[in-house]
There are 2 protein chains.
Amino acid sequence: MEKWRAADRLLKFSSSCKSKQGKYFYSVATTVHRNPLFSSISPDDISYFKTILGERGVVQDALALDAANTDWMGKYRGSSKLLLQPKNTEEVSQILKYCNSRCLAVVPQGGNTGLVGGSVPVFDEVIINVGLMRNILSFDKVIVSGVLVCEAGCILENLISFLDDEGFIMPLDLGAKGSCQIGGNVSTNAGGLRLLRYGSLHGSVLGLEAVLANGTVLDMLGTLRKDNTGYDLKHLFIGSEGSLGIVTKVSILTPPKLSSVNIAFLACEDYTSCQKLLLEAKKKLGGILSAFEFLDSDAMSLVLKHLDGVRNPLPPSIHNFYILIETTGSNETFDKENLEAFLLHSVESGLVANGVLAQDINQASSFWHIREGLPEALMKAGAVYKYDLSLPLEKMYDLVEEMRVQIGPAAKVVAYGHLGDGNLHLNISAPAYDDNILAKIEPFVYEWTSKNRGSISAEHGLGLMKAAKIHYSKSPETVRLMIDFDYCVFELLPDTSCLDDNHSIICLCLSA
Amino acid sequence: MEKWRAADRLLKFSSSCKSKQGKYFYSVATTVHRNPLFSSISPDDISYFKTILGERGVVQDALALDAANTDWMGKYRGSSKLLLQPKNTEEVSQILKYCNSRCLAVVPQGGNTGLVGGSVPVFDEVIINVGLMRNILSFDKVIVSGVLVCEAGCILENLISFLDDEGFIMPLDLGAKGSCQIGGNVSTNAGGLRLLRYGSLHGSVLGLEAVLANGTVLDMLGTLRKDNTGYDLKHLFIGSEGSLGIVTKVSILTPPKLSSVNIAFLACEDYTSCQKLLLEAKKKLGGILSAFEFLDSDAMSLVLKHLDGVRNPLPPSIHNFYILIETTGSNETFDKENLEAFLLHSVESGLVANGVLAQDINQASSFWHIREGLPEALMKAGAVYKYDLSLPLEKMYDLVEEMRVQIGPAAKVVAYGHLGDGNLHLNISAPAYDDNILAKIEPFVYEWTSKNRGSISAEHGLGLMKAAKIHYSKSPETVRLMIDFDYCVFELLPDTSCLDDNHSIICLCLSA
């Protein structure tokens, strides 16, 4: 996941929502048609929603709707006329039950920070945003397990702050933390910067409450580390992008905050050295390794050119690859010595060409800013085609190099990502959106990824952008089973499934 | 999960299969009836299986069938006349497709080390054991990710040995490692001794191949750390105890082996101190804490009485509680100093009454032997009623004390488990099985656990023992959804689902 803040987001809207290239991404990449089985909103519907939610919960204001209809990138845009803001699970249930009975399509929306067109309407779906459901329900620091239970609308950064005061941390952290909501994080199985250390949300989330399209409230809100009684259904909701139900509460295991954090910024001259360095780091830094991020020379050049106040951390030249290593442990002296010894050994063995250990919190922040500022730098540089891929580590950079040959001088190929997780953020940066460039990228990038048994979406999800492309990463039998889930178990309408080629992930509506 | 070895298992069979109490556990606890929709095996069926598997793969030998029909505890016993041993996925698929067309019930069996009657037939189901599918398919130490791909029949201990040579470890370890198979581990979501450090299999398993009841092979055998393309269906198979399909291949993320392992054995005088010690350990030992196990005084007395060669590690008296702490890190000197400082501080602050740090591998093994030898000691002591519960940590020992009051002098209540995971192994040890004792335990233990939002099966699964008791831990809506999965998506026959009160988890057969 990439970095931005609420303030940035509004800024971006004002420039890119106006769509300086004069079209939205999906107009090029995807053709979708509104499902005629869905109803349209009537005045009676509005009245009904007001009886459930009050005036404040029923938003029809043009400015607010414009923001809720448009994604952060300014690439996807719906035409919803109605944004609902429930205050509790019961209201979510009542909304969904009603929409289901009226056959009104809905789209669940969290912080609207997604990058694949999964959080905004495609047409006139009712937008349901749980942002008012932002209570922390319990936290049991006294009884040592560190389990946080909260409502789905809690903003990630607020949870991080809350836990910080309690001596704990969230097991996930990502650039969008200032806007994204924990319910959206869970629904999209957000990855981010701590996955290397704390694993995916499938490991950290202990329980969920979710509301199905027919209004049924599913209580899976366990707080236990271990529970082997029947199928662990919560996992279906983690990463299903709101297509099976709306997550309303989350129970999550949070690790204790450790006092010692150290950051190193290193340069490698070839990709093989980056891989070897990762293996060494896993072995030598063992339990304290908490991040292993990489960027290539084009990414560094882009940051230096477009982000204010960033200086080359390893001057004077630009190296081929950069690695950011973070360790988090409990012993300041030892951890620092350990990282220093690791760096020294890496330089002596030739894996690392140059490197620096952050001497204070400011320098540490400036190193992170280079890595986390990349999405912003890309936005400033012009049009950007973003791909979020998992690939076998040894093949990962081959794709970048082949893509450069494929595209030629028309655009820059910029690579960075969570190397420790095998997750490449491949960005093609061009002066303006151009169908000729897109035709050189797709389906090439998907076919290449599929051929190498990678995933076409490591952490961003499918959304509208890739719903029709699931076959590149999943077998036909698996996709068939997902569709059976949608139709048979969750009784969703045909053509409303995330897995259907003809529509997006975002519509929740049972068969009438 | 608890400890035993293949050799122990055979020993146990010879004594307890003869059922010295003259009855099997389920005769008391559960009443089940054979589903009349199932066919019985005919000579034509045998001939067909021989054409698929050859003579060797079709086992009708009485001795082999007796072992495969009886569980390790000698409490559950089926009457199957046929054990099939496929050599590859295609054979598993052909078997299931045929059984499905003939409406023959099947039970998948791994190492048959389960404790809840989930791995043996209830009636005359065809037993399918994938023990001949024991190839390691790939391991990519060269390309740093540590992903192991293997067939489901690989014995856990063999995988541990294989990885040891490569400088890696399995993210799970459990007492049954000498017999249990990785496919069974995954199907039962085995927990064990490393969960505290490496999390559950939902986090470690990257991919699966499974065969559905109709013979469809589901390829979910990804090797990627991150893949957000559609529903993550593999999670349904992890912990579904073979009820949705037979796992045939597993892809699992293995951590690098760290060089420094330290063990401490401590005594606490009250349960509150045990909890506080856990919180301190999580904070002070941070990333190197790899096990936090506990046993109470009754457990220690039992081990000292029944296990050969075990001596009191903290003589002369017996303390109320014992804690085994293991750290695993990359720096011998620092890790040891860290643990020593932690122990010193814990003694000084009064949390720990006494303690010792293992001085060599033999002493470390002897400490582990106390904890891991408990199941064996219990078996030697007589009849044992075993419960595997997850409970909120602060409530956990209340149950033990209330159970002692409830049972009175008729039996001993012995408590131990994975305190770091909130997992209590509650054992009631009596001279002989006795319905009066059982009536004092159940439903009390389940009701108490349910009332405190615990799980009636932390890591052992439901099996025949607890299939009908799922409602104690899961909401009606959730159970309803599981049943919908069985019937609608996987098209299993009514009365063959793990979630149906009338039968066990073990039958795989589509509607005819």
Revision key, fill the gap. In this structure, among A:249/B:257; B:283/B:440; A:395/B:282; A:249/B:395, pairs with alpha-carbon gaps over 30 Å are A:249/B:257; B:283/B:440; A:395/B:282
Practice item. Rounding to the nearest 20 debye, state how big the charge dipole of the protein assembly as shown is about its Cα centre with +1 on each Lys and Arg Cβ and -1 on each Asp and Glu Cβ. Key: 340
Practice item. Determine which lysines satisfy two conditions relative to residue B:305: a Cα distance under 23 Å, and not lying fewer than 8 residues away in the same chain. Key: B:3, B:12, B:20, B:380, B:386, B:412
Revision key, fill the gap. hull vol. (C-alpha, convex hull) per residue for chain A, Å³ -> 144
**Study point:** Tensor-based shape of the range B:369-447 (alpha-carbon gyration tensor, a/c under 1.5 rounded, otherwise prolate or oblate)
**Key:** oblate
Practice item. Would you mind classifying the range A:432-492 by shape? Square roots of the alpha carbon gyration tensor eigenvalues, ordered a ≥ b ≥ c; an a/c under 1.5 is rounded, otherwise it is prolate if a/b is larger than b/c and oblate if not. Key: prolate
Study note, to complete from the structure: Nearest-0.05 FRET efficiency for residue A:140 and residue B:444 at R0 = 25 Å, using Cβ-Cβ distance, is 0.45
**Study point:** Qualifying trypsin sites (Lys or Arg not before Pro) for the range A:262-356 [loop in DSSP, other Cβ within 10 Å: at most 11]
**Key:** A:311
Practice item. State the extension gain, in nm to one decimal, for the chain segment bounded by residue A:50 and residue A:480, taking 0.36 nm per residue of separation less the distance between their alpha-carbons. Key: 150.9 nm
**Study point:** From the C-alpha gyration tensor of the range A:260-374, square roots of 5λ in Å
**Key:** 22, 17, 11
Point to revise | Summed residue charge, Cβ within 9 Å of residue A:169's Cβ, Lys/Arg positive, Asp/Glu negative | key: 0
Exercise for review: Identify all lysines with a Cα-Cα distance to residue B:50 below 19 Å; exclude those on the same chain that are fewer than 8 residues away in sequence.
Suggested key: B:81, B:87, B:97
Check your understanding: Helix hunt in chain A: which complete DSSP H runs extend at least 18 Å axially by C-alpha with mean Kyte-Doolittle at least -1.0?
Key -> A:89-102, A:271-284, A:332-348, A:393-407
Check your understanding: Given N residues in the protein assembly as shown, what is Rg(Cα) / (2.2 N^0.38 Å)?
Key -> 0.93
Review point. Fully extended, how many nm does the chain gain between residue A:297 and residue A:341 (0.36 nm per residue separation, minus their Cα-Cα distance)?
Key: 13.2 nm
Review point. In percent, what relative contact order does chain A have, based on Cα pairs under 8 Å that are 6 or more apart in sequence?
Key: 16
Check your understanding: Stretch residue B:332-residue B:362 to full length: gain in nm at 0.36 nm per residue minus the Cα-Cα span?
Key -> 9.1 nm
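Bear in mind that the values in this text are calculations on the coordinates, not laboratory data. Quick caveat, the model's predicted, so the values are computed rather than measured. Note: ideal-geometry Cβ built from the backbone for every residue, glycine included; neighbour counts use all protein chains shown.
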